[in-house]
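Working notes, beginning with the structure itself.
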Amino acid sequence: MADRSPFDPFARDPWQILDNLRREMDQIFAGAPAFSSFGPRTRPTWGAAVFPAVNLYDSGGAFVLTAELPGVRAEDLRVEVTGNVLRIQGRREVAPPAEGAVAVHRAERRGGTFSRAFELPADIDPEGVEARLDHGVLILRVPKRPELQSRRIEVKPV
Amino acid sequence: MADYQASTSLEPRQKAEVEREGSRPEPRFRPDVDILESGEEYIVYVDLPGVDERSVDIRVDRNLLTLDARLSVRPDPSWQPLLTEYRLGGFHREFQLSEDIDASRVAAKLRDGVLELHLPKSDRHRSRTVPVQAG
């Protein structure tokens, strides 16, 4: 399997990625209350159509996207912002059987590549996106533009 | 056998919930594992995303291995959830191995949310090579 498969995330041409985005892009940010409807969007069921499943939060000053990626090393993960598109791609490798292993009793963990793209709302700061891996959890912070952050307005007594 | 080539595209999978006890506020999930065996030991890999070194409890009793893990990487309580594609909770799993483990020599390592366990077989279970002498 030395050939690069069409799914190899690092083999892709960025312009081709943009071409492909229209059909595979998630628009999870579109439902964020600050930008469209009023109140948080909820889904009736758990699960995602694409790996990895993500959770999205509003921290006030930023959107925070989290994904469980156990065993994915930082060097095997790529986070890109191109225009208003945020893309997470990478690969997860599971350890091959150790030298001298005589039996495999369970092999549930899966290795492979993944790629998921999100359309960002117009009102975020793409330069300020931060990503970190914390014990196998990807935490992506997508800051809002300062003018969009909610601020508390002081009520003055007359 | 797992695919070690890392050339396939990963598919999303639902986390399997362990039966919840009444007093538990949060679900616990059944982590994915690989279990390998050699003549001297069992090697176990466990996916534990969001679990740090202080939050794993490994118990070995003869040939019974019990894993419990609490979630330590959590969203800040002040964050407002907008979308939840996966659920949060700890992990729990038990295994009965075919041979007894030498609990005093168990080694555990946690990296990038994956626990690697080395469980040496107790001496009487270790397979030995018996030299055959020429007669």
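The values are calculated or read from the model by the stated rules, or taken from the named source; none is laboratory data. Keep in mind the model is a prediction, meaning the values are calculated, not measured. In this analysis, Cβ positions are derived from the backbone assuming ideal geometry, glycine residues included, and neighbour counts consider all displayed protein chains. Note: areas computed on protein heavy atoms with side chains; ligands, DNA, RNA excluded. Shrake-Rupley method; radii C 1.70, N 1.55, O 1.52, S 1.80 Å.
Within 10 Å of the Cβ of each residue in A:69-80, the mean number of Cβ atoms contributed by other protein chains is 3.
Sequence-ordered 3J(HN,Hα) estimates for segment B:100-115 from the Karplus curve with 6.51, -1.76 and 1.60 and θ = phi - 60° stand at 5, 9, 7, 4, 6, 10, 5, 10, 10, 9, 10, 9, 6, x, 10, 8 Hz, glycine and proline given as x. Per residue, segment B:1-104 exposes 51 Å² of solvent-accessible protein surface, assessed with a 1.4 angstrom probe and all protein chains in place.
When all protein chains stay in place and ligands, DNA and RNA are ignored, the 1.4 Å accessible-area order of B:LEU67, A:LEU77, largest first, is A:LEU77, B:LEU67. When the surface is traced with a 1.4 Å probe over the full set of protein chains, A:SER59 keeps roughly 40 Å² accessible. Solvent-accessible surface (1.4 Å probe) assigned to A:HIS135 amounts to roughly 60 Å². Once amide H atoms are built 1.01 Å from N in the peptide plane, which residues 5 or more positions from B:ARG111, or in another chain, come under 5 Å H to H? Placed amide hydrogens put B:GLU116 under 5 Å from B:ARG111. Per-residue 3J(HN,Hα) values for segment B:48-55, derived from phi via the Karplus relation 6.51 cos²θ - 1.76 cosθ + 1.60 with θ = phi - 60°, read 10, x, x, 10, 9, 4, 7, 10 Hz in sequence order (x marks Gly and Pro). Put simply, chains B and A cover up around 5300 Å² of each other's accessible surface, both sides summed, when a 1.4 Å probe is used. Shielding of peptide A:112-123 by partners, expressed as the average count of other chain Cβ atoms within 10 Å per residue Cβ, is 2. For segment B:19-58, the set of GluC sites (Glu not before Pro) satisfying both a DSSP loop assignment and a count of at most 10 other C-beta atoms within 10 Å is given as B:GLU19, B:GLU21.
Here's how it looks for B:SER72: its modeled amide H is under 5 Å from those of B:VAL51, B:ASP52, which are all 5 or more places away or on a different chain.
B:ASP112 contributes an accessible area of around 50 Å² to the protein surface, as traced by a 1.4 Å probe with all chains present. Shielding by partners for peptide B:70-83, expressed as the average number of C-beta atoms from other protein chains within 10 Å of each residue's C-beta, is 6. How large, in percent, is the carbon and sulfur part of the accessible surface of segment A:54-158 at a probe radius of 1.4 Å? The nonpolar share, carbon plus sulfur, comes to 46 percent.
Against the criterion of solvent-accessible heavy-atom surface with a 1.4 angstrom probe, B:ARG13, A:ARG87 sort, most first, into B:ARG13, A:ARG87. Ordered from largest to smallest accessible area (heavy atoms of protein chains, 1.4 Å probe), the residues A:ARG91, B:ARG111 come out as B:ARG111, A:ARG91. Here the Karplus curve 6.51 cos²θ - 1.76 cosθ + 1.60, taken at θ = phi - 60°, turns the phi angles of segment B:26-41 into couplings of 10, x, 10, 10, 8, x, 6, 9, 10, 10, 10, 10, 10, x, 9, 7 Hz, with x standing for Gly and Pro.
For segment B:32-47, list whatever residues lose no less than 40 Å² of accessible surface once every protein chain is in place, relative to that chain by itself, with the probe at 1.4 Å. SASA drop of 40 Å² or more in segment B:32-47: B:ASP34, B:ILE35, B:LEU36, B:GLU37, B:TYR45, B:ASP47.
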